[in-house]
Structures are given as C-alpha cells and as structure tokens.
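A quick write-up on the structure given underneath.
Just so you know, all these numbers are worked out from the coordinates, no wet-lab data involved. Source: prediction; values computed, not measured. Here the Cβ positions follow ideal geometry from the backbone for every residue, glycine too, while neighbour counts run over all protein chains shown.
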Amino acid sequence: MLVADYNSGTLIVFLAAEKPDSVVETKDNIIRISKEGKTLAYHFTDLSFPKSGPVTLDSDTIKKLNQKLTDAGFEAELSPDLQPKFVIGLVQSIEKHPNSDHLAIAQVAISKDKSIQIVSGSPNLRTDVKTVVCLPGAILPSGKIIWPGQLRSVDSQAMMAAPRELGLKNAPDRPGMIILPDDFGDVGDPLDFNRANELEFD
C-alpha cells in the first residue's frame, strides 16, 4: 500500500499507519519513520508539487523517489499503487456487532469476485444497496486516511462513507452512508466524483 500527501513543501509517503513509539531517522532531506524495522512512512522535504493534498505517484515519480532514497542511504522500497481507493460497493449481508448496540458488521462486495468486512454505525445501513467504499489508503477531504483496523475488537477492512465525509456538493448535514442509485455504476467501479456531486439526497 502506498499513500502520498503533499503539504507545506513536504511529501509524506505512508506505507502503513504511523504508530506510537516509532523510530525517526533522518538522512539528507528524507525522514524515515519505522517501527520494529518496518517502514511506516517517509517524509521528503525537498520536493515540489502543483498543489497541496493527496498525490497520485506514477511509476516515473516512484522511480525518482527510490533514487533519492538510495542516494541518501535508505532502501529503495517504494512501488506504485494505482488502484482506486473510492469504489462502488454492494452491501450483501449485515449482522449485529457482538460488542456494541449501535454497530453492525457488513459483508460488502467491492468487485465481482471479492467481498470485505466493514464495521459500520451508519443508521441507514441495509442490504442490497450500492454505496461508496473507501479502501485502505483513501484520503478523505478532511485529511483522514483510511486504514484497516478493529472496532470493538472486530476487524474492519474499509469504510462506507457518508456524503459529507466525501465532501459532496449536496451532502445533507446528518449521519448515514451514501446510498447510490442502482444505475450509478457497477460494483468495483471507481467513484465518479463529478457525477456524485450531481446527486440529490433525501
């Protein structure tokens, strides 16, 4: 997994969620953050991008970053991650969360042959609806990065987003995941944010 965000002249490349008690190592203009020998993130402080916010790193940019890592004495360990992070999902089944009275465990299809488990507290969660799934590595408009984790000791591999979490134009000011029209797209398709901004919500 590779997540990149550019702000205030620094490109931060996440390979995993940062954790407490991480080790920080600086060489040249690069900061490596690691935990038990595993790289969590790199900060590149000598790069420039056209605008701040999430950055998609293509193969050429990855090659240049790996060269910078090598030149500084780090391992060239970055590889492209061009998979879409916001996709159309289909809620297939729901069960009660064993440790919560307001959370549920949903099995959600994110392609024709793959389903994942998502713990959700959405009040409008139901089966057989299409929604937007934010996969690990997705960066929300708020800057929040989605990582796999646990909610009340139950694994959750992604998040089903509310319209306002996606920053959509007509997002209502209330909780609840986005429910897409059946004809919005196929399961697994990348979210078309332009079309999503034209949706009207009840």
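For this structure, a couple of remarks:
- Using a Förster distance of 22 Å, the FRET efficiency for residue 67-residue 7 (Cβ separation, nearest 0.05): 0.45
- Shown here for the range 154-202: trypsin sites (Lys or Arg not before Pro) in loop regions (DSSP other than H, G, I, E, B) with at most 15 other Cβ atoms within 10 Å, namely 169.
- Arranged from fewest to most other beta-carbon atoms within 10 Å of their beta carbon, 156, 120, 48 become 48, 156, 120.
- Calculated log₁₀ intensity ratio I(q)/I(0) where the Debye formula runs over C-alpha points of the range 86-196, q = 0.09 Å⁻¹: -0.20
- Most tightly packed first, judged by the mean number of other beta-carbon atoms within 10 Å of their residues, the peptides 83-93, 173-183 read 83-93, 173-183.
- Arranged from fewest to most other beta-carbon atoms within 10 Å of their beta carbon, 3, 23, 154, 187 become 23, 154, 187, 3.
- All distinct Cα pairs of the chain go into the 1/r average, and the inverse of that average, the Kirkwood radius, is 18.5 Å.
- Sorted ascending by nearby beta carbons within 10 Å, beginning with the fewest, 55, 108 become 55, 108.
- Calculated Rg and Dmax of the range 1-79 using C-alpha coordinates, Å: 11.8, 35
- Extension gain, residue 189 to residue 107: 0.36 nm times the residue separation minus the Cα-Cα distance gives 27.8 nm.
- The peptide list 96-104, 125-133, put in order of mean Cβ contacts within 10 Å with the highest first, becomes 125-133, 96-104.
- Note on residue 29 and residue 201: with the Förster distance fixed at 45 Å, the Cβ-Cβ geometry gives a FRET efficiency of about 0.50.
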